[in-house]
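A.B. asks: The structure that follows is given in the form of structure tokens.
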Amino acid sequence: MLQNALAGAGYPRHVLVACSGGPDSLALAAVAAYFARRGHVDGRPLTVGAVVVDHQLQEGSADIAARTVEALQDLGLHPVEIRTVTVAGAGMGPEAAAREARHAALEAAAADHGAEAILLGHTLDDQAEQVLLGLARGSGTRSLAGMRPARPGTGNAVLLRPFLELRRVDTEEICAVEELDPWHDPTNSDPAFARSRTRVEVLPHLEEKLGPGVAESLARTAAILQLDADYLEDVAESTYASLVELDGSGLSLPEEALRALAPAIRFRVIAKAAADAGGQQPSYRRLLAAEALLRRHGSAGPVELPGGVSVYRLSLAQLEESKDAAAAGAPGGAGSVPREPARCGKLVFRPQKPPAK
């Protein structure tokens, strides 16, 4: 699996294993160490280091990180380092904040060490949990597609998950064979966290009531939806690029062309416009509210989207009035510049002005 992942990523010369000391990441480190000792993958040179992120969220986390470093060094990985982070994500849950801090530390370490890939130890069980959580939250295709085997990072390193087809019990067996003593994070069974409840209670219950193979089926669903999500994303991206009109304070999309799009593409194009205007990914409810502006009944807006973006509809008449006013104020008067009449209204996206101090 690791060999295929590295081949698919173009055979990076130096990679870093993200290791918490748990069985999944420690097993991944042991497999990576095998190739590090050989010095190559398929004849392509390879060196392997590791990063242990200390989130400082549990008592004794520094000691756990230090013991993990020793285990990684004993496997022969080099360099191995600890990155200590402060988890303080405003407006995010603790899991999301920890993930954001961890990924920032991993990306920084990859940049410092010239690593072209970061190896993450997520397993098939993690993927199944991700899909279940997405279903419970009423998420769309992108979320239900789960974690990707490979995706670009924010820097030059690609993020690889070579164990997504491996069960958690398999990683525990690798650790046993390699005589490794993994750390078991107590939060993984803490019912205070939705993911922990999914892992300890929900998935076992589904296996009991529906029969074995539920986790594999959920992971297979994610793999199928990844193909669908990629196709829809590509179509939406090219469609958005062909429609968007930029001005000094925001951007707009022609409402006639938007209405003609299939809903799956229309919603994605609106979300891309919101992001380009400086906002965040809108919820489904907010997207519905923005899309409703195209129906020409009720309010013309504005609809407030997350991240400080407003969207509203300008009608054809309003656009004509605006053009007439601009032409009248131009040198030579209203008739000096011939113009094409606007063919339809627009959906306009504007970043909201910050409150005056």
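A.B. asks: Accessible area, 1.4 Å probe, largest first: how do E100, E178 sort?
C.D. replies: E100, E178
A.B. asks: Ok, one more. Can you tell me the length gained on complete extension of the stretch R99 to R67, counting 0.36 nm per residue apart and subtracting the Cα distance?
C.D. replies: 9.4 nm
A.B. asks: Could you pull out which residues in region 164-194 have an amide N less than 16 Å from a spot 7 Å beyond the Cα of E59, following the Cα-Cβ vector?
C.D. replies: The answer is 186-187.
A.B. asks: Oh, and also: Using a 1.4 Å probe and ignoring any ligands, DNA or RNA, find the accessible area of T86 and quote it in Å² to the nearest 10.
C.D. replies: Accessible area, nearest 10 Å²: 110 Å².
A.B. asks: Assign unit charges at the C-beta atoms only (+1 for Lys and Arg, -1 for Asp and Glu), then state the dipole size of region 56-188 relative to its Cα centre in Debye, rounded to the nearest 20.
C.D. replies: 820 debye
A.B. asks: Tell me, how many Å apart are the Cα centres for region 165-216 and for region 36-109?
C.D. replies: Cα centres, region 165-216 to region 36-109: 21 Å.
A.B. asks: Assuming 0.36 nm per residue, please report the length gained on full extension of the stretch N156 to A108 beyond their Cα-Cα distance.
C.D. replies: Roughly 16.2 nm would be gained on extension.
A.B. asks: So for the chain, taking the charge dipole from beta-carbon charges (+1 Lys/Arg, -1 Asp/Glu), which of L210, T239, A105 sits furthest toward the positive end?
C.D. replies: With unit charges placed on the Cβ atoms, the residue in question is T239.
A.B. asks: With a 1.4 Å probe and all protein chains in place, put E81, E237 in order of accessible area, largest first.
C.D. replies: Result of the area sort, largest leading: E237, E81.
A.B. asks: Using only Cα atoms and rounding to the nearest 10 degrees, what angle (0 to 90) does helix 263-276 make with the longest principal axis of the chain?
C.D. replies: Relative to the chain, helix 263-276 is tipped by roughly 90 degrees.
A.B. asks: Top to bottom by accessible area (1.4 Å), largest first, where do F163, F193 land?
C.D. replies: F193, F163
A.B. asks: Between (1) 20.2; (2) 22.1; (3) 23.6, which matches Kirkwood radius over Cα pairs in Å calculated for the structure shown?
C.D. replies: Computed from the coordinates, Kirkwood radius over Cα pairs in Å corresponds to (3).
A.B. asks: Here is a follow-up. Determine the gain in length on full extension of the stretch Y231-L288; use 0.36 nm per residue of separation and subtract their C-alpha separation, reporting nm with one decimal.
C.D. replies: Full extension from Y231 to L288 adds 18.3 nm.
A.B. asks: Where only protein heavy atoms count, and the probe is 1.4 Å, what is the accessible area per residue for region 1-159 in Å²?
C.D. replies: Per residue, region 1-159 has an accessible area of 45 Å².
A.B. asks: Could you point to the residue in F193, W183, Q280 farthest towards the positive end of region 178-297's charge dipole, with +1 and -1 charges on the Cβ of Lys/Arg and Asp/Glu respectively?
C.D. replies: Most positive-ward Cα: Q280.
A.B. asks: If the only charges are +1 at each Lys and Arg Cβ and -1 at each Asp and Glu Cβ, what is the size of the charge dipole of the chain around the Cα centre, to the nearest 20 debye? Spell out each step's value before the answer.
C.D. replies: Values: 36 positive and 45 negative charges, 326 e Å.
Value, rounded to 20: 1560 debye.
A.B. asks: Test of understanding: extend the Cα→C-beta vector of I82 to 7 Å, then name every residue of region 171-198 with backbone N under 16 Å from that spot.
C.D. replies: Counting backbone N atoms under 16 Å from the label point, the list is 183.
A.B. asks: In addition: According to the square roots a ≥ b ≥ c of the eigenvalues of the Cα gyration tensor, what is the shape class of region 141-211, taking rounded for a/c under 1.5, prolate for a/b larger than b/c otherwise, and oblate for the remainder?
C.D. replies: In terms of gyration-tensor shape, oblate.
A.B. asks: Okay, next question. Rounded to the nearest 0.05, what FRET efficiency is calculated for R295 and H205 with R0 set to 45 Å and r the Cβ-Cβ distance?
C.D. replies: 0.55
A.B. asks: Compute the distribution of all C-alpha to C-alpha distances in region 71-148, in bins of 10 Å from 0, and list the percent of pairs in each, rounded to whole numbers.
C.D. replies: 15, 35, 36, 13, 1
A.B. asks: What does the accessible area of I174 come to, in Å² to the nearest 10, when a probe of 1.4 Å is used?
C.D. replies: Solvent-accessible area, nearest 10 Å²: 40 Å².
A.B. asks: Give the accessible area for I270 in Å² (nearest 10); use a 1.4 Å probe, count only protein heavy atoms, and leave out ligands, DNA and RNA.
C.D. replies: Counting only protein heavy atoms, the figure is 0 Å².
The values are calculated or read from the model by the stated rules, or taken from the named source; none is laboratory data. Since the structure is predicted, the reported quantities are computational estimates derived from the model, not experimental observations. No Cβ is skipped: glycine too gets one built from the backbone with ideal geometry, and neighbour counts run over all protein chains shown. To get the accessible areas, we keep the full protein, side chains included, count just its heavy atoms, and leave off ligands, DNA and RNA. Shrake-Rupley method; radii C 1.70, N 1.55, O 1.52, S 1.80 Å.
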